[in-house]
Amino acid sequence: MEDVDDARELVEQRMRVTGFEEDILDKVLDLLERFDTDREKLFEEMLSKLEQPGYDGLTDRWETNCEQAEALMERLESDIRSVLEDSQANAMSVDERWTAVGPRDFLAGERKIWAQVARLDVPEVATLMSKVLEADLALIKKCEEDLKNARSNDAIVEQLLLKNFGSIQDTVKSLLVKYLPTSGARLVVLFMKDPSSKEAANEAIKNFEKLTAENLMAAKQKRAAKQTVVDNIKLLTAAREQLDEDWIDKLFARGAEAAGNWRGIGASGDYRATDWDWMKENVLDRGLDTRAEAAKEQSSKLYDELFPTLVEESTNAFAQLTDDPGTLAKFNEELENASESLESLLATEEEYVKDLAEGPYKQTGLAAFAQVRDAVKVGFKLLADKTEEADDEVKKS
């Protein structure tokens, strides 16, 4: 690589000027050549591990390569000193020979850089990016499954509610039909002729109690489904700072800064540390950039697609008792109209009975009307209260 080539040229120049045997020169240059091959292999191992998906063993690989690099530099200096010691061309000591011709600036700069690389900023950033990706994928799976289950449960609840609303409305219509005067006969006549007709309102109340109890249970089920969605919204909101694209960009910037500092840390004297610019570019292109893009893609899916969907579902489909608020409003309006019609009918007929001649017939008739009127009043209040209770159950925050 370029840095070792420069060091080799400089060492050769110095040895020729200083005076060494040709075979000593060849041995030193061979040592630098072997070091160059081993150093390049370390670079490639580190980059290869960095560009692999995941993070298992990544930090260990880099840590091991940094230790190997230090060993290579120690061996290079030791071996060159040993070869220089064999020369008989001059009277200098081994230390003097090393000072005169050795790649001192190269090794000093390399040691500084490898010590900085050994801080493991880059593999730690890469690991964090992979963990962000991991967390995003896990949350996407969880939220999608939860939303699917919530929608499924909501569909079952909606079907039950609509069925029960229909049954309630049918019961109310039956009461209206039963109590409407037919063939000119007054309602009091129906009560006297068919005493069981007085119990129709009480039977309706029993039906209302059963159906509204089912609706309340359905509302609780819907509330539970809604809570799952709300909980996921809270979860994503709390995790956003450590999972969204801004955080990934910050991680990338941290790794890029660490790699960008390598050359400046070691370049000094006749050592330019050019290879470390190449290493930085490969770290970014082959490792951090790919990891950042993968994490950002899933983060975007999580926060730009799924999160808004959860919010929309919680504020629309799960915001009230029925998925379509118009359904509940129409149901309540129809009940109110039916209640007013029944109360008006009973009041009119009761006034008629009050004008009858005093006697047992009149008293029995008035008692029947009081019984039915109270039952109707209780029944419709039950419907209104229980329906509101069910709606409030879903709306709980």
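The values are calculated or read from the model by the stated rules, or taken from the named source; none is laboratory data. These numbers were taken from a predicted model, which means no experiment stands behind them. No Cβ is skipped: glycine too gets one built from the backbone with ideal geometry, and neighbour counts run over all protein chains shown. Side chains included, ligands, DNA and RNA excluded: accessible areas come from the protein's heavy atoms. Shrake-Rupley method; radii C 1.70, N 1.55, O 1.52, S 1.80 Å.
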Within the stretch 164-171, is even one residue at pLDDT below 90 and among the hydroxyl-bearing types (S, T, Y)? no
Out of N215, N207, N261, report the one residue that is polar (S, T, N, Q) and at pLDDT 95 or above. N261
Across the stretch 313-336, the tally of residues that are of a type in the set (D, E, K, R), free of Cβ contacts under 8 Å to residues at least 60 places away in the same chain and closer than 20 Å to D154 by Cβ stands at 2
When you look at K131, is it free of Cβ contacts under 8 Å to residues at least 24 places away in the same chain, open to solvent by 60 Å² or more (accessible area, probe 1.4 Å), of a type outside the set (A, V, I, L, M, F, W, C) and at negative phi, yes or no? no
Does at least one position in the stretch 293-312 carry a residue that is touching a residue at least 40 places away in the same chain (Cβ under 8 Å), aromatic (F, W, Y) and closer than 27 Å to G166 by Cβ? no
Going through the stretch 321-339 in order, the residues found to be open to solvent by 20 Å² or more (accessible area, probe 1.4 Å) and more than 18 Å from N149 (Cα to Cα) are D324, P325, G326, T327, A329, K330, N332, E333, E334, E336, N337
Where residues in the stretch 233-289 are basic (K, R) and part of a helix (DSSP H, G or I), which of them is surrounded by the fewest Cβ atoms within 10 Å (Cβ to Cβ)? K234
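Rundown of residues vs (1) open to solvent by less than 60 Å² (accessible area, probe 1.4 Å); (2) under 37 Å from the mean Cα position of the chain (by Cα); (3) within 30 Å of Q221 (Cα to Cα); (4) without any contact (Cβ under 8 Å) to a residue 40 or more places away in the chain, yes/no style:
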| site | (1), (2), (3), (4) |
| --- | --- |
| A150 | yes, yes, yes, no |
| D170 | no, no, yes, yes |
| L187 | yes, no, no, no |
| D194 | yes, no, no, yes |
Scan of the stretch 152-168 for residues that are of a type in the set (D, E) and either without any contact (Cβ under 8 Å) to a residue 12 or more places away in the chain or in contact with a Pro (Cβ under 6 Å, 6 or more places away or on another chain) (or both), ordered by number: none
Which count do you get for residues in the stretch 290-313 that are crowded, with 20+ Cβ neighbours inside 10 Å and among the small types (G, A, S)? 3
Flag for R75 being assigned to a helix (DSSP H, G or I) and open to solvent by less than 60 Å² (accessible area, probe 1.4 Å): no
Among the residues of the stretch 100-111, write down those that are surrounded by fewer than 18 Cβ atoms within 10 Å (Cβ to Cβ) and closer than 21 Å to L47 by Cα. R111
